[in-house]
1. Applying 1/(1 + (r/R0)^6) with R0 = 60 Å to the Cβ-Cβ distance of Glu168 and Asn315, what FRET efficiency is obtained, to the nearest 0.05?
2. For Ala46 paired with Leu299, estimate the spin-label separation in nm (one decimal), with each label point 7 Å from Cα along the Cα-to-Cβ line.
3. Using modelled amide H (1.01 Å from N, peptide plane; none on Pro or chain starts), what sits under 5 Å from the amide H of Ile100, excluding residues fewer than 5 places away?
4. Treat each spin label as a single point 7 Å out from the Cα along the C-beta direction, and report the Ser392 to Phe276 distance in nm.
5. His42: accessible area at probe 1.4 Å, nearest 10 Å²?
6. Label Arg336 and Val188 with points 7 Å out from Cα along Cα→Cβ: what is the distance between them in nm?
7. Cα centroid distance between region 268-299 and region 149-163, in Å?
8. Report the gain in length on full extension from Glu161 to Asn203: 0.36 nm times residue separation, minus Cα-Cα distance, nm rounded to one decimal.
Amino acid sequence: MKVSRYKIFCVLIFSTMLASPAYSNVKMTLPQYVQEILLNNHSLRAGVKNVEADYYSVLAAVGYQRPTTAASATGSYATKQQGVRNVSAGSLALRLSQRIDISGSYKLDEQQNILGYEVSRANFDTNVNTMIAAAEETWWSAVLARENVKLQKDIMNQRAENHRITMEKYNQELVPRLDIVRSDAQVVEAGSLVKNAETTYMNLLAELSLMAGGLDVEPVDEELQVPVFDITMNFDDALLYRPDVRAARLNLERAKLVKKLTAKGLSPTLDFAFQFTPWSDPEYYSTPNKLQAGASLTLSVPISDGNTTKYKVLNTDRLIQAAEANLHAVEETTRRDIAVAINNWRNAAAAEQDKKIQVERSEEELRITELMYSEGMGAQIDLINAQTAYQSVKTEYLDAVKNMYVALVALRKAIGDYSPNEDGTWKEAVERYGKGNDVLGEPGLKTLRTDMKKLKAKGANKNKNKD
């Protein structure tokens, strides 16, 4: 548990009539919590290392395009036979070899490997987008669950006070025994609702802890604010920035390159080799001889491969069609996600306004009913009905506010606002979390992206010089 970075530990103790257990957590703001996830979430850390591994895999995959060197030493010894003295011989050779690209396959292979890395990065960005969205949604659910705990405690206190008044009236023989039974049942029910609300809240805190890498966290105590719609977006932007759309587009581009590369399966190859022998004893023991060099060019022209290339091309052609269909599917999913999130926002915003008015009226009704009952001018059943109505509408109001937060989170997720930009920086919508560059990895995704750009430039220059 990485709690050493925090100077303050805040202790929250729930004490209810049901003797709820005490627990302590580190209190955080939402930006601090998101930062904790980016630093310590184990799934994201694993994703970072997988992206880094894919980066180095690209460098290794194009290694065959570079010259290779080798040093070799040989020696032999023969004992005396038929009057010939013992014979020993040895040599040392240096060899340089290089396959020369005469078909243009090097460039295609390099590009498709780089696109493979880009796809891996886009998939990781999708995981970041999903993770942070889930974290914020859970955060607001926990905040509203805590508000519900407070509400249920207030209702329990109200019912306990009403039960006390009912007991006084009963002792004065002003109400029947039935009123005592009813008020006592109301107190017990309220206590059960408090316990359920606390359990829901603690379960949400457990979810927050899981996403923060095991750190026990809790939202700071702040006044609950009704969210406002602060997102500027359109569908075209979502298609540009949403990482899973980008991954699907990159997959399609890579599939096309792979088809071109596969079609070169019967292309001729040209191999160059150079060897120098710095030492040989006797001098003519090796070829080339001592202090001599030799070079060779080998041209290979495939004639037939048993239709392997033909069917591999057909295979890659179908993969292109699959990638195209997948891209369309992801685009339609994006359109659906945006539409659903906007509809849910509008519904939740309208519900919040309606429930707010109902809460105000219900509070006034409950206040009047409690006053009338305490003065002996109202029936207990009217008081119970007013309390039940207030509890219901107040709970519905909290649900409406939570649904507004959830809808905003869903919309930000739908347009990819929780994922990094392609250069490793963060989008404007999530800079409010205080996230900086390279927080996700060492050497960091931005560093990897810079190195990959250098790799692309190097490949481009090499092909340009070759042309």
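1. 0.10
2. 5.3
3. Those qualifying (amide H under 5 Å, at least 5 residues apart or on another chain) are Leu270, Asp271, Phe272.
4. Using points 7 Å along Cα→Cβ, the separation is 9.4 nm.
5. Its heavy atoms expose roughly 130 Å² to the probe.
6. Between Arg336 and Val188, the label points sit 4.8 nm apart.
7. 95
8. Gain on stretching Glu161 to Asn203: 12.1 nm.
The values are calculated or read from the model by the stated rules, or taken from the named source; none is laboratory data. Nothing here was measured: the structure is a model prediction, and the numbers come from that model. Cβ: placed from backbone, ideal geometry, glycine included. Neighbour counts: every protein chain shown. Just so you know, the surface numbers come from the protein's heavy atoms only, side chains and all, with ligands and any DNA or RNA stripped out. Shrake-Rupley method; radii C 1.70, N 1.55, O 1.52, S 1.80 Å.
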